[in-house]
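Here's the structure, in structure tokens; my notes come after.
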Amino acid sequence: MIAQRQSFELNEGWTSFVTQSPNPDAVINDTLKLNLPHNWDDYYGYRQLTHGNLHGTAMYVKSFVAPPKKEGKRYFIRFEGVGTYAVIKLNNKDLGRHLGGRVTFTIDVSDYLNYGADNLLEVKVEHPHMISDMPCVCGGCSSEWGFSEGSQPFGIYRPVVMEVTGEVRIEPFGVHIWNDDRATKIFIDTEIRNYSGREHKLLLENRFNTHKGKKVFLLREEISVAPGATVTVRQEADIDDPVLWSNENPYLYKLVTSLKQGRKKKDALETPFGIRTISWPVKRNDGDGRFFLNGKPVFLNGTCEYEHLLGQGHAFSREQVKARVKQMLNAGFNAFRDAHQPHHLDYQKYWDKYGILFWTQLSAHIWYDTPVFRENFKTQLRQWVKERRNSPSVVLWGLQNESMLPKDFAVECTAIIREMDPTALNMRAVTTCNGGVGTDWNVVQNWSGTYSGNPERYDEELALPNQLLNGEYGAWRTLDLHEAPGPFKQEGAYSEERFCQLMEMKIHLAEKARDKVCGQFQWIFNSHDNPGRRQPDEAYRLIDRVGPVNYKGLITPWEEPLDAYYMYRSNYVPADTDPMVYIASHTWPDRFEEPCRACIQVYSNCDSVQLYNDAGNRAYLGTEAHQKVKGSHFAFENCLVQYNVLRAVAYRSGKAVAEDLIVLNNLKKAPSFDLLYKKDKSLTKGKSSYNYIYRVNCGGDDYIDSFGQLWAKDDTSFSRSWAQDFAGLNPYQASQRVTNDPIRGSRDWPLFGHFRYGRHKLAYRFPLPDGKYRLELYFIEPWHGTGSGKGGDCAGLRLFDVSANGKILLNDLDIWAESGHDVALKKTFRVKVQGGFLNLEFPEIKAGQAVLSAIAIASRDKSIKPHVPPVSDWSWQKADRERVGRFPTERLPEDNNVRPGVSYPAVEAVVEGNYRKEQMNNRMAVIFEAASTNSISWDITTGLAQLYALRFNYRNISGRDMLVDMKIIAADGTVLKEDKLTFPINERGWKLISTTTGSFINAGHYRIVLSSPDMDGLCFERLDVQ
């Protein structure tokens, strides 16, 4: 940090409690001690309810000591993410109600601090149901269930930062730097504000340095800033032969911006910047369908990601962002789309650093055509652009996904973007995606093979002038559901094989067309919660099923990679730096019931792969060479599989560089099977002279290990997980997995292979007399690093703490960094019990999920006996066998919508003018025709004094956006609201346009009237009132 500024995060030591919620399962006024980021909506959305996500109001309170007051300094607090509104007090002084959402806001707290003393910061976070005045609307509150855009966070879900600067300072995100489309000129806008009560004369300096700090140019300008004024100063400079930022060489210069008064620096800020030029076909119109970076074509192999994780929702720590980024880089993607809302600001820092092309988005799929909604959308939009426009990685501005924005508003927003970012005039494009007008480009979504269409023609379709860039392609899939390789079945089961097959086909055909197109974005990197839908088929085992989720991810909501993840690695990760090989599939150990011939599929980026039906080099099955074509794999056809091990060895330039191995059930022991026990360290053997009171097989049934020691079944006698907070759920839901992989360092694979996972809700509690005990914890890294060679890097993908009775035993445990993939790890501690219990918890998980395979507790006191719980009929083995491919809808929990809606058919409304009533898209509709006056009126009844959403299900086949007058009329004839609604062109199917009553209306009878001199081509199916 530059010396003129001080910055420190206020993320630790908060308390929080929910004060009110419409959710019947919410726990009210239960105070938690926590660190930020935090999201109260942690597991609520995973209970298979259409709208189970938590809404309400919560208080966050923090005490902190402010720095001493210094003359000429101002003090600010920046909130990087609050969902959704924040009412803030500091030392009991009201600092206002702030629109949070998915962007930052900053407050000047200089006049309210107790300097050098204790301060009390209170934040009332409001995340109500049915938000209708800004774009961050929960999908469960959507006007269009079944077509929703995920949940929204409830809490302070991003960092809170205190900043100390000069009283004349560079405003937040106030340095804007860009280059022209020939990379010969640099432009710099500096926004400066004077927070003092007197005029300041200053010298503004912008020094542009190489990444090593060598000066490239220096710009200076004398300025005068009146008290309370904000000025923006533009400077420019020529630049000769710059080093250009690219995928291969993401070179970042350093811009140092300084404000000086005499010899003193009043403020200074450093901004990394990459010089590059970009060109999209929609900007050129030259018949060339490719994207160009620095004059060279680049094929975009992109992925879309929801910033979401089971157990924390959107509350990503900096470590979690880094981990998620690494997972995507390890899969080989070179482009990223933040679906569909602005992500944590650290994302773009990594994209800039690693040369990843960034399509950033601000979304309002749930659109309310009201003045306040439009204004708040534009407020969020301006901040979103300001925060991201300096990043060289940003190549597209995404204005909405599957847009409902009226054309006039999309045009207005596009103009704002171009005003704030001049490169959007001729380089960056402004997009909608799969519907929408008013921007540079409506990027298509080509889902052929998933919803409809012929995927074998994908290359031809992608090369069409109205496609060129595919914003989404993907497929449904179900974790652990497998079938033998065969021809692609468009209406087939949602197996992992079909998923891989279709994604591989899309890769192959897109790469075939790469000389004609821009590229494609895979949907989606991680399955995420998706309120408003009924989507229960994330996993094959019933115990793994959570929902509703958009189950198209390469990784699960708990970040377990599927086979398709390794398929992408094999196609796009360079073998020279990160060789890999993966046998499909590690989650199909019961594939064979007896010896037979079969096709074994292997994914690898190496030159060749040798396959063995053995742990050593016996039972050789053959060698296959890489096809050197993207979208292909190694297929070992007609292999005689006799033994219980498959081993693949990948070769690069004649050297073995990566190996993968799976163990199969039901088959004879492989000839060299005992090689897998070669590194056994006898980790589970009890320490002599100790009395082992408890041994627990976490996530498994009773197990007798290789030393004859009994490890007890894990059940709710000692363990607890998130699902126990919710009535009617299996208490073990989505908290246990099994790997059949061999575990290096131990012979007791079943003990290590069964494990529990979770976050802050996972805990164990053992009754014990007060005293000192030996605690042994056993771990493996079950997922990360599978099939990787020496270049594999999974450090930081899983980081968690372990505590015993509130004392931290392990801080930021990284199993992969300590022992690698599938290697037994043992940790031993001396712990003290006071109060009759040993409580084992995971108080902070910075990345991924905590995992635990086994627990042992021992004492030198031979007289201590274990607590014997009631006999449980729970069986993990039975749970493992309970599997369903497609979950019947009738078995899903009953939905109890806290805000039920009422539908009023259009054919039952009062209609005037020229119209007809007939079937349209299988629904009875009112279709207006040319007339001098047209209107439609619904008589509605409301039962509570509330703000109501009004949602019109319509089609507009007129070929133009249509402006219609709306009135809400009370029973006594009083007009309560008059407004104009825009119905965008919608010729393909029914859509909803939403507005509100504008304010609370009492219980009673009302009339909703739509009218216009010209409604020709406007069709209505119903009005929904909620």
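Sequence-distant or interchain residues sharing an amide H contact under 5 Å with residue 606, placed H: which?
Those qualifying (amide H under 5 Å, at least 5 residues apart or on another chain) are 580.
Could you sort the peptides 842-852, 84-94 by per-residue average Cβ neighbour count (10 Å cutoff), highest mean leading?
Top of the packing list down: 842-852, 84-94.
Long-range amide H contacts for residue 758: which residues qualify at under 5 Å (H placed 1.01 Å from N, peptide plane, sequence gap of 5 or more or a different chain)?
Amide H to amide H, under 5 Å and 5 or more residues apart or across chains, residue 758 pairs with 850.
Using amide H atoms built 1.01 Å from N in the peptide plane, name the residues 5+ places from residue 711, or on other chains, whose amide H lies under 5 Å from its own.
Answer set, sorted by chain and number: 703, 704, 705.
Taking 25 Å as the cut-off for C-alpha to C-alpha distance, list the pairs among 681/878; 349/655; 212/349 that go past it.
681/878; 349/655
Of (i) 110, 79, 55; (ii) 86, 77, 63; (iii) 187, 107, 56, which one was derived for Cα extents along the principal axes in Å from the structure shown?
Evaluating Cα extents along the principal axes in Å on these atoms matches (ii).
Going by alpha carbons, how many degrees (0 to 90, nearest 10) lie between the helix axis of 407-420 and the longest principal axis of the chain?
So the inclination is approximately 80 degrees.
Add -39500 (n - 2.57) for each DSSP H run of 4 or more in the chain, then divide by its residues: what number comes out at 222 nm, to the nearest 500 deg cm²/dmol?
Mean residue ellipticity, 222 nm, calculated: -3000 deg cm²/dmol.
Rank by packing, highest mean first: peptides 151-163, 387-399, with packing defined as the count of other Cβ atoms within 10 Å averaged across residues.
Averaged packing, sorted descending, gives the order 151-163, 387-399.
Which values, in whole Å and largest first, are the semi-axes of the equivalent ellipsoid of the range 691-881 obtained as the square root of 5 times each eigenvalue of the Cα gyration tensor?
On the way: eigenvalues 125, 73, 63 Å².
Over the Cα atoms of the range 691-881, the ellipsoid semi-axes are 25, 19, 18 Å.
Could you give the size of the charge dipole of the range 691-881 about its Cα centre, using +1 on the Cβ of each K and R and -1 on the Cβ of each D and E, expressed in debye and rounded to the nearest 20? Don't skip to the end; give the middle numbers.
Values: 25 positive and 22 negative charges, 99 e Å.
Value, rounded to 20: 480 debye.
Helix 318-330: angle to the longest alpha-carbon principal axis of the chain, degrees 0 to 90, nearest 10?
Helix 318-330 sits at roughly 70 degrees to that axis.
Which order, highest average first, do 278-284, 315-321 follow once you tally other Cβ atoms within 10 Å for each residue and take the mean per peptide?
315-321, 278-284
Among DSSP beta bridges whose residues both lie in the chain, state the antiparallel percentage, nearest 5.
Among the beta bridges of the chain, antiparallel pairing accounts for roughly 85 percent.
Would you mind working out the magnitude of the charge dipole of the chain relative to its Cα centre, with +1 at each Lys and Arg C-beta and -1 at each Asp and Glu C-beta, to the nearest 20 Debye? Working shown, then result.
Details: 125 positive and 126 negative charges, 636 e Å.
In total the dipole reaches around 3060 debye.
Once you order the gyration tensor axes a ≥ b ≥ c over the Cα atoms, which shape class does the range 145-264 get: rounded for a/c under 1.5, otherwise prolate or oblate by comparing a/b with b/c?
Working: a/c = 2.18, a/b = 1.12, b/c = 1.95.
It is oblate, given that a/c is not under 1.5 and a/b is not larger than b/c.
Please state the charge dipole magnitude for the range 6-165, taken about the Cα centre, from unit charges on C-beta atoms (+1 on K and R, -1 on D and E), reported in debye and rounded to the nearest 20. Intermediate results must be reported in sequence, preceding the final value.
Working: 14 positive and 18 negative charges, 83 e Å.
For the range 6-165, the charge dipole is close to 400 debye.
In straight Cα distance, which lysines are under 22 Å from residue 296, not counting same-chain residues fewer than 8 positions off?
Hits, sequence-local ones excluded: 185, 283, 353, 512, 516, 630.
Rounded to the nearest 0.05, what FRET efficiency is calculated for residue 29 and residue 375 with R0 set to 41 Å and r the Cβ-Cβ distance?
Details: r = 35 Å, r/R0 = 0.85.
FRET efficiency, residue 29 to residue 375: 0.75.
In terms of Cα to Cα distance under 18 Å, which lysines are near enough to residue 407, apart from those fewer than 8 places away along the same chain?
Within the straight-line cut-off, residue 407 pairs with 378, 980, 991.
Could you name the lysines in cross-link range of residue 260, using Cα to Cα under 17 Å and dropping any fewer than eight places away on the same chain?
By straight Cα distance, residue 260 reaches 73, 201.
If you line up the long axis of helix 371-388 against the longest principal axis of the chain, both from Cα atoms, how many degrees apart are they, to the nearest 10?
60
Readers should treat all values here as calculations from the given coordinates under stated rules, not as data from a laboratory. Remember, predicted model here, so these are calculated numbers, not experimental data. Glycine also receives a Cβ, built like all others from the backbone with ideal geometry; neighbour counts cover every protein chain displayed.
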